[in-house]
Each structure stands twice: as C-alpha cells, then as structure tokens.
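Beneath this line is the structure, given in structure tokens, with notes to follow.
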Amino acid sequence: MTSPNAPVNTSGQRAVQGEKLRGAEKVARIPIKIIPTVEVPRKPDWIRVKMTAPNEVQRIKDTLRTQKLHTVCEEAACPNLPECFGGGTATFMIMGDICTRRCPFCDVAHGRPNPLDVDEPRHMAETIAGLGLKYAVITSVDRDDLLDGGAQHFVDCILEARKLSPNTLLEILVPDFRGRMDVALRIMSECPPDVFNHNIETVPRLYRAMRPGSDYQHSLNLLKKFKEACPDIPTKCGLMVGLGETEEEVIELLNDLHAHDVDYITIGQYLQPSKNHAPVSRFVHPDEFERYAEHGRSLGFRNIWSAPMVRSSYFADRQYYGEPCPPVRRGVKAVEA
C-alpha cells in the first residue's frame with residue numbers, strides 16, 4: 001500500500017526511485033496550492049550579482065562532475081553561483097540531489113531518493129583537498145527515508161575531509177531531522193563540525209505554506225539542543241524575506257534565535273526560481289535589511305549578514321571571521337540576478 005506521504009507524480013502514480021519532480025509536479029500536493037505566476041515582476045536595481053570570469057566557474061563544475069558531486073549552488077539555482085565559483089568556493093550538497101520535502105520556494109528536485117553513495121565522503125574530501133579549500137560548507141537534501149535523517153553520512157564526510165585537510169574549517173548546513181532529532185544529535189555531537197548551521201527559512205505564520213512537513217519550534221529546538229550538546233561549537237541560522245512576512249515578524253524571529261543561543265545569522269531576499277514556485281511578495285529595500293542587521297547587533301549575535309543577495313553559505317568563511325556584510329551592488333559592473 002502506498003504511504004500517503006510517498007512522492008507521487010501529477011498522474012497520481014508513485015514516483016520512481018531517482019525520478020526528479022520539479023516545478024508544478026513538485027508542488028502539486030502541498031497543503032496551500034501555488035498559483036503559477038503569469039508575469040514575473042521586474043527586479044529592482046539592488047538585486048545584482050557580480051560578474052566573474054567563466055573559466056574558473058567551468059573548472060569548479062568540471063571537478064565536481066569528475067567526483068560525481070552535487071552543489072546546492074547549482075541544484076537550487078543560486079544567483080550567487082558565478083561569484084562563488086569564480087572565487088573558487090562551493091557548497092557541497094551530499095546524499096544526492098533529490099529531496100523528500102516539497103518546499104515551494106526551493107528549486108531542488110523532489111522525489112524518492114536513491115540509496116546513499118558510500119564513496120561520496122571520500123570524493124568530497126578529495127575535492128576539498130584538490131581545490132585547496134580552507135573553509136568548506138556541506139549541506140544536504142532532506143532524507144526522511146533514512147532512520148537517522150542522514151546524520152551519520154554528515155559525520156562520515158567530516159571524518160574523511162579532516163583526514164585529507166586537517167586545517168580546513170567545516171560548516172555543515174543540516175535539515176531539521178524531523179522525527180529523528182535525538183538520534184541525529186547524538187551521532188553528530190560525537191564528531192561535531194566547526195560550525196553547525198540550520199536554516200529556519202521564514203516566520204512561523206508562513207510555515208504551513210512555505211515549509212510543509214516542517215515545524216518552526218522544532219527548528220529552534222534543534223539549534224538549541226545542539227548548542228547544549230556542543231557548547232563550544234558556534235551555531236548559525238538563515239532566513240529569507242519577501243515571502244509575505246512583516247518587519248515585526250522578522251524582528252520577533254531574531255529575538256527567538258537569540259533566545260535559542262544562535263551565534264551567526266544570514267538574511268536575504270527570496271527570489272522565485274520559476275513561475276511554478278512561490279511568488280515574491282515584495283522586494284525588501286536595503287534600508288529594511290539594515291534595520292534587521294542593527295537589531296541583530298543590538299541583541300549580541302557574533303555576526304549578522306543582512307542584505308538582498310545574502311544566502312546562508314554566501315562567503316561563509318568571511319562571516320565566520322567577523323567581516324562585515326558585503327555592500328549592496330548597484331553599479332554597472334553587476335548584472336541582474
């Protein structure tokens with residue numbers, strides 16, 4: 001009998017393992033339906049990304065394909081990809097490129113994931129060493145099909161990376177481990193990363209629409225419980241604006257994150273991956289981003305980056321070392337995201 005939560009395609013049939021559902025197929029069964037956008041709004045002049053030389057971008061892509069690795073930069077269609085790849089950095093996405101969740105803001109495919117690749121930790125470690133990375137970010141799709149949510153695979157990647165690159169700092173950006181938090185935290189606390197990151201994404205009022213299958217308080221508890229287990233490891237959390245939240249709700253969210261002992265914060269503008277994804281409610285002005293940053297600084301976060309093009313792993317090393325958020329680009333040397 002097919003589970004009511006099992007991925008299905010638009011014809012009502014259970015998805016084939018490894019089949020990727022995107023766009024309209026991906027969001028067809030979420031609680032609050034997405035009405036396809038007819039006309040995509042024009043982006044304001046502060047939604048810009050830096051132009052970079054294509055040769056370095058292609059070199060990174062070639063290395064990743066050789067090692068059979070994925071990046072969230074590519075799978076989630078991140079607008080900062082040219083800048084990050086051009087600078088020789090990437091965020092590795094482990095456990096495949098098919099997610100068991102259907103978040104309508106995300107461009108990563110949904111479906112029945114393939115089994116874990118036992119060679120992936122070694123391949124990732126070899127790539128980190130080959131690229132000479134001093135700081136690496138490792139994230140993953142949600143794997144609700146795994147008994148530990150993929151926690152042991154994260155640890156395996158950390159162990160392999162530290163064998164070949166003992167001086168490289170490792171930040172992990174984890175899913176919420178729904179129903180598996182205790183076992184996941186027990187596994188990861190035995191071999192913790194250098195930074196523990198989990199994105200809360202949006203305000204609690206929008207969770208049913210934007211994070212079906214997730215829970216706001218659960219995400220707060222995950223961050224808090226990891227800090228209790230590993231008090232010397234900094235925690236980090238990211239969110240998007242422009243999904244329909246109010247400024248007051250974002251301020252309250254920041255208060256919640258501070259109350260749950262989070263150290264680093266990232267806030268960026270939501271950009272619609274396609275017409276079948278959640279629409280952009282508004283383009284948040286840079287002045288509002290600065291108000292969030294000011295409030296975060298007043299609360300005492302170690303570092304808060306709040307700007308339109310900020311993403312959770314955007315120049316994560318710079319934020320870790322205390323550098324200020326890069327300025328908003330409006331010049332002729334930048335292109336529309």
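The values are calculated or read from the model by the stated rules, or taken from the named source; none is laboratory data. It should be emphasised that the depicted structure is a prediction, and the values quoted were computed from it without experimental measurement. Note that each Cβ is placed from the backbone with ideal geometry, even for glycine, and that neighbours are counted across all protein chains shown.
Set side by side, the residues 317, 256 differ, and just one is assigned to a helix (DSSP H, G or I) and at pLDDT below 95, which is 317. Selection of first residues in the range 183-204 that are within 13 Å of residue 215 (Cα to Cα) and in contact (Cβ under 8 Å) with a residue 40 or more places away in the chain and of second residues that are in a loop (DSSP other than H, G, I, E, B) and among the acidic types (Asp, Glu), restricted to Cβ pairs under 6 Å at least 6 apart or on distinct chains, gives the following pairs, ordered by first then second residue: 203/245. Within the range 128-139, residues that are basic (Lys, Arg) have Cβ atoms under 8 Å from residues that are outside any strand (DSSP E or B) in these pairs: 134/167; 134/168; 134/317, counting only partners at least 6 apart in sequence or on another chain. A single entry from 185, 133 fulfils the requirement of being more than 16 Å from the chain's Cα centre (by Cα) and farther than 23 Å from residue 314 by Cβ: 185. Residues that are outside any helix (DSSP H, G or I) and of a type in the set (Val, Ile, Thr) were ranked within the range 104-149; the one that is surrounded by the most Cβ atoms within 10 Å (Cβ to Cβ) is 137. Of all residues in the range 176-223, exactly one satisfies the criterion of being closer than 20 Å to residue 304 by Cα and either modelled with pLDDT under 95 or surrounded by fewer than 17 Cβ atoms within 10 Å (Cβ to Cβ) (or both), namely 194. Looking only at residues of the range 247-284 that are free of Cβ contacts under 8 Å to residues at least 40 places away in the same chain and farther than 25 Å from residue 225 by Cβ, we find that the one that is surrounded by the most Cβ atoms within 10 Å (Cβ to Cβ) is 281.
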